[in-house]
Amino acid sequence: MFSLEMFLEPSADSKIRALWQEFNEKDIVTLPEVWARPHITLAICPSLDGIDHKAMGAVCERLPQNIRISTYGQFLGAPGVLQLGLTPTRELMDLHRAVHEVLDSTTSDCDPLYVPDVWIPHCTISMGMKGEDMSELRTTLQSLKPITGRIADIAWVDTKSGQELSVPSPI
């Protein structure tokens with residue numbers, strides 16, 4: 001499996017890492033080691049075969065310049081997953097739709113939770129969290145201030161190995 005991930009610039013990245021560290025100190029499960037950096041996933045596909053990488057490179061050059069993380073929550077039906085929600089700006093949603101237009105033209109096996117009109121823009125901060133962990137974190141989460149920043153990079157990530165594969169330039 002491969003995920004198309006956007007990575008945050010150092011200031012926003014360090015705020016998420018500080019939250020991960022705080023969770024770890026409270027023995028609350030954060031992301032598995034394979035995801036070494038805070039990220040926002042745009043798509044998950046079983047393979048990169050057949051994808052028009054030049055077209056994808058052209059789309060990814062239009063990264064949203066700024067993001068704002070403004071909420072926290074859990075996904076219904078996904079117990080133990082805690083996420084920080086992004087403000088869904090037009091720029092972010094247009095990029096996401098354009099990514100899926102390229103993918104739709106070449107593959108149909110992408111994860112349906114990440115397609116346009118279903119996708120919830122977020123940065124996962126914990127997987128495997130227990131019910132009692134949420135009450136432990138409530139004070140920490142309620143005191144969070146919105147995190148603003150810029151997208152620094154985008155890459156395909158092999159979800160098994162964590163290896164990052166650059167999105168080719170359209171040139």
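The values are calculated or read from the model by the stated rules, or taken from the named source; none is laboratory data. Here the structure is a predicted model, which is why all the values come from computation and not from measurement. Positions of Cβ are generated from backbone atoms using ideal geometry, with glycine treated the same way; all protein chains shown enter the neighbour counts. When the accessible area is computed, the model is the full protein with side chains, heavy atoms only, and any ligands, DNA or RNA have been set aside. Shrake-Rupley method; radii C 1.70, N 1.55, O 1.52, S 1.80 Å.
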Self-check item: Accessible carbon and sulfur surface of segment 37-171 relative to its total accessible area, %, 1.4 Å
Solution: 51
Practice problem: Assign one of three labels to segment 69-135, namely rounded, prolate or oblate, based on the Cα gyration tensor with a ≥ b ≥ c the square roots of its eigenvalues; rounded applies when a/c is under 1.5, prolate when it is not and a/b is larger than b/c, and oblate otherwise. | Solution: oblate
Practice problem: Sum -39500 (n - 2.57) across every DSSP H segment of at least 4 residues in the chain, then divide by the residue count to get the 222 nm mean residue ellipticity, nearest 500. | Solution: -9500 deg cm²/dmol
Practice problem: Would you kindly compute the Cα radius of gyration of the chain and its largest Cα-Cα separation (Dmax), both in Å? | Solution: 15.9, 51
Exercise. Express in whole angstrom the spacing between the alpha-carbon centres of segment 89-106 and segment 138-157.
Key: 21
Quiz item: For the Cα atoms of the chain, what angle does the longest principal axis make with the long axis of helix 131-142, in degrees from 0 to 90, nearest 10?
Solution: 90
Quiz item: VAL29 to THR159: FRET efficiency via 1/(1 + (r/R0)^6), r the Cβ-Cβ distance, R0 22 Å, to the nearest 0.05?
Solution: 0.80
Exercise. Would you mind giving the three semi-axes, in whole Å and largest first, of the ellipsoid equivalent to segment 83-171 according to its Cα gyration tensor?
Key: 29, 17, 15
Self-check item: For the chain: lysine pairs under 22 Å (alpha-carbon distance), excluding those fewer than 8 apart on one chain
Solution: 4
Exercise. Set the Förster radius R0 to 22 Å, insert the Cβ-Cβ distance between GLU91 and SER14 as r into 1/(1 + (r/R0)^6), and round the FRET efficiency to 0.05.
Key: 0.40
